[in-house]
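The structure under discussion appears below in the form of structure tokens.
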Amino acid sequence: MGFEISDEFLGTFVPILVYWVYSGMYVCLGSLERYRLHSKVDEDEKNLVTKSAVVKGVLLQQTLQAIISVILFKVSLSPYLSLHSLIERSKLYGWITGSDDPDASTTQQFSLLLLARQLIIAMLVIDTWQYFIHRYMHINKFLYKHIHSQHHRLIVPYSYGALYNHPLEGLLLDTIGGALSFLFSGMSPRTAIFFFSFATIKTVDDHCGLWLPGNPFHIFFSNNSAYHDVHHQLYGSKYNFSQPFFVLWDRILGTYLPYSLEKRATGGFETRPIKASKDE
């Protein structure tokens, strides 16, 4: 019997490949100063970690996440241990799919409406999870100092630093958040390949440090590279926690910081808060 690569394994490794390919594209575009949110000089001087250390940190995190994901996928092969199968057989699955038949997953025809519903649920689940974990890591001084501050060593974000996190943060935010979005959306492993690849591209774009004309992420999402750049600045560290898709929770819970995007005299753009923090 030949070796067959399953959709579950592709769902783990394809987003890793997408991360580096898409990051590399932005590295090339980063030489265009007129589209940068910070100058190249600022990127080199203000960041508190070397680029080689960032690459090593991201590779370490991706390796650990891949190992954990493979283990989880192997465990899920058992119908008695698969949380996904338990959800499919619960009333929750009927709410997700709009069907009252627990076995509808094997007979229901694929439709764009079902796909859209699954993707929206997955996006809302991962957004909700990451908002509250991310925000708590800023509130809790111990967690910020020992875990989340690693990501904020990048005061001037750039594409391949998007996943430069403490390994524990990567596990909490990305691995667990991704698993929850997969389970509660009811998506198939094949759909998950595209969803997590898209989420990876979105995360890279949010950290790319560029404001490119015609960028669809800037057109369709308020949560974009400028929005996230505000969070990486000192004045915005208590705001704009939402990631990676919407700004829903920031708006609901009052942590949304409006900003303006203005052209710098030396070229490029600069984000500026419209209202100052009350704590300043």
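Relative to its Kirkwood radius, the Cα radius of gyration of the stretch 164-280 gives an Rg/Rh of 1.00.
Note on the stretch 8-76: with charges restricted to the Cβ of Lys and Arg (+1) and Asp and Glu (-1), its dipole about the Cα centre is near 80 debye. What percentage of all Cα-Cα pairs in the stretch 125-186 are separated by more than 18 Å? Every Cα pair in the stretch 125-186 considered, those over 18 Å come to 38 percent.
Every number in this text was worked out from the coordinates using simple rules, so none of it is lab data. What you are looking at is a predicted structure, and each value in this text was computed from that prediction instead of being measured. All Cβ positions, even for glycine, are placed from backbone atoms using ideal geometry, and neighbour counts span all protein chains on display.
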